[in-house]
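First comes the structure, then the notes that go with it.
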Amino acid sequence: MRHTKEWSATVEAADAVVLVTPEYNFGYPATLKNAIDYLHQEWHHKPVGFVSYGGVAAGTRAVQQLKQVVTTLRMLPVFEGVHIPWHPRFIADGRFRGTAEMRRARTVVESTETARSRSSSASAWATRAVNR
Ligand SMILES: Cc1cc2nc3c(=O)[nH]c(=O)nc-3n(C[C@H](O)[C@H](O)[C@H](O)COP(=O)(O)O)c2cc1C
């Protein structure tokens, strides 16, 4: 299917991934699981950061669930994340205006890039160790 091939190429080409998720009934939506499950080796060893939103828990429980899934796909979750509670409160005139903490999105991406270089070093080290 064309959309699957395009999705595969998009994820394959990425150095790292940031997943954005709402929270429904303490979990992440099935649409996100479907998007993840469509691929396999494309996800391997990619650092993954999280941006979540929802009610009082700001989507953090959805992220906890996602961490189990992404580690099964050998991804490397980044600890830092952006979690937005009651997100409509931060939307004015059609624009999202987050707090200073929320602007930590930049930290997520930077951490994700850092993890990527760590992952490359770790994988180079493992390759050397195996080939010894
Ligand atoms: C049926 C339902 C269950 C929800 N459960 C949670 C929840 O467990 N935790 C939470 O933080 N927010 C919860 N919410 C709030 C949603 O996260 C919020 O409405 C969010 O905007 C949904 O994202 P979406 O509009 O992009 O689909 C729930 C909303 C609905 C309608």
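The values are calculated or read from the model by the stated rules, or taken from the named source; none is laboratory data. Keep in mind that what you see is a predicted model, and the values were worked out from it rather than measured. Positions of Cβ are generated from backbone atoms using ideal geometry, with glycine treated the same way; all protein chains shown enter the neighbour counts.
Answer yes if at least one residue in region 91-109 is among the hydroxyl-bearing types (Ser, Thr, Tyr), at pLDDT below 90 and within 22 Å of ALA14 (Cβ to Cβ), and no otherwise. Yes, region 91-109 contains at least one residue that is among the hydroxyl-bearing types (Ser, Thr, Tyr), at pLDDT below 90 and within 22 Å of ALA14 (Cβ to Cβ).
Within region 46-59, the set of residues being of a type in the set (Gly, Ala, Ser) and within 12 Å of the ligand (Cβ to nearest atom) comprises SER52, GLY54, GLY55, ALA57, ALA58, GLY59.
Taking first residues from region 2-18 that are closer than 19 Å to PHE50 by Cα and partners that are loosely packed, with under 11 Cβ neighbours inside 10 Å, no Cβ contact under 9 Å between residues at least 6 apart in sequence or on separate chains turns up.
Scanning region 60-79 for residues that are within 12 Å of the ligand (Cβ to nearest atom) and closer than 12 Å to LEU19 by Cα yields ALA62, VAL63. Of the residues examined, ARG74 is not one that is more than 24 Å from VAL11 (Cα to Cα) and either exposed (fewer than 14 other Cβ atoms within 10 Å of the Cβ) or in contact with a strand residue (DSSP E or B) (Cβ under 9 Å, 6 or more places away or on another chain) (or both). When region 1-52 is filtered for residues that are touching a Pro at 6+ places or on another chain (Cβ under 7 Å) and farther than 14 Å from GLN65 by Cα, only ALA16 remains. Residues of region 39-81 that are of a type outside the set (Ser, Thr, Tyr), over 24 Å from MET1 (Cβ atoms) and without any contact (Cβ under 8 Å) to a residue 24 or more places away in the chain: GLN64, LYS67, GLN68.
Going through region 1-41 one residue at a time, which ones are exposed (fewer than 15 other Cβ atoms within 10 Å of the Cβ) and at pLDDT below 95? Once the filter is applied, which keeps residues that are exposed (fewer than 15 other Cβ atoms within 10 Å of the Cβ) and at pLDDT below 95, region 1-41 yields MET1, ARG2, HIS3, THR4, ASP15.
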